[in-house]
Amino acid sequence: MQFANPNDINTLIMQGFDLVEHAADPVVALRRQYPGGLLIPLHRHSRTQFLYARSGVALVATERGRWMIPPDHALLIPRGIEHRVEMFSGVEMQSVYMRDYEHGDYPCVLSVNELTRSLLAEVVKLQKPDKDDERSRLLFDLLMHEITRLPVRELGLPFPEKPALAVLCKEFLKAPDPAASIDNWAQRLSMSRRSFTRLFRAQTGVSFVMWRQQACIFASLPKLASGESITSVAFDTGYESAAAFTTMFKRMLGASPRDYMRQQADNAE
C-alpha cells in the first residue's frame, strides 16, 4: 500500500476514526500502512484499541508515559485515553477496536503469538464480523479470547510530570547511558540523593535504575529494526560491550537481540 501525498494519509486516518466511532458492531478491525516519521496527533477512542505493529516500530505517547511497539508486538490502549502515535519507521499496523473490552487505566505492550497473527490477518480483511457468516463470527470471537492470553512485555516507559525531571528523561532517550547515576541527576536538580529517589518513584512509579534499564532497551529497538548490528547498537546505547547489552536485552524481552530479530524476520515472511 503506497500513499501519493500526506493528504491521502490524513484522509485515510479520518476515515478510520469515523468508521470506528460510528460502527454499530462490537468489534472493528483495520489495516493501515504508514510511512516513517508520520505523527498521528492526540486523539482518543470510545473503544479499547489493540494496536499491532506487524512490521516497523511505532511509539505511542500519553500524558504519563510512552510505549514502544516493536515488530510483532501490540499495545492495548484503554478506551478514552488521549494518545498520539509516531512512526519510527514504515509501519504496517493492524488495529482491533473493541467496544466491550475493559482494560485498566494504563496501556500495556503485549507479545503477539503465531495464532493471534494469523487471526489478525483474517479479521482485517473482514473489518467487522458478519452476523450471517459463522466463520466470520468465530474468527473475531477467537481473536478476542486470544488477546486476553497474550504475555505482557515491559516496554512501557513512564514519564514524569515535573518539567525539570522530564527534561532529563528526554535527554537520556536521545543519548542513553546505562552508567547514568542517581547522584548526577540529583545534583542537576539541586536535590539530595534521598529526595531525588523519592521524587523519581513518585513521578514514574518505578525506581531510577529500572527506568534507566528500560530506557536503554527502548532506545535500541528502532536501531535493531533498521538493521544495525548488535555491537553498534550496544555502543550507541551506552553499553561497554555487546555481551552486557545482550544480557539486559534478554532479561527484559526474553530472548537475545539476535534471536529476537530473527523471530521478527521469520514472522514477517
Matching residues, region 99-119, being buried (at least 16 other Cβ atoms within 10 Å of the Cβ), in contact with a helix residue (DSSP H, G or I) (Cβ under 7 Å, 6 or more places away or on another chain) and among the hydrophobic types (A, V, I, L, M, F, W, C): Leu119
Enumerated strands (runs of 3 or more DSSP E) restricted to region 43-85, each holding at least 2 residues that are at negative phi and open to solvent by 30 Å² or more (accessible area, probe 1.4 Å): 48-55
Verdict on Leu221 being outside any loop (DSSP other than H, G, I, E, B) and at pLDDT 85 or above: no
Region 245-260, residues that are assigned to a helix (DSSP H, G or I) and free of Cβ contacts under 8 Å to residues at least 60 places away in the same chain: Phe245, Thr246, Thr247, Phe249, Lys250, Arg251, Pro257, Arg258, Asp259, Tyr260
Near pairs, Cβ below 7 angstrom, 6+ apart or cross-chain, from region 85-113 (free of Cβ contacts under 8 Å to residues at least 40 places away in the same chain) to any residue that is surrounded by fewer than 21 Cβ atoms within 10 Å (Cβ to Cβ): Gly104/Pro78; Asp105/Pro78; Asn113/Leu150
When residues of region 225-244 are limited to those that are modelled with pLDDT under 85 and not in a loop (DSSP other than H, G, I, E, B), the one nearest to Lys174 (Cα to Cα): Asp236
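The values are calculated or read from the model by the stated rules, or taken from the named source; none is laboratory data. All values derive from a computational prediction rather than experimental measurement. Positions of Cβ are generated from backbone atoms using ideal geometry, with glycine treated the same way; all protein chains shown enter the neighbour counts. Surface accessibility is based on the protein's heavy atoms, side chains included, excluding ligands, DNA and RNA. Shrake-Rupley method; radii C 1.70, N 1.55, O 1.52, S 1.80 Å.
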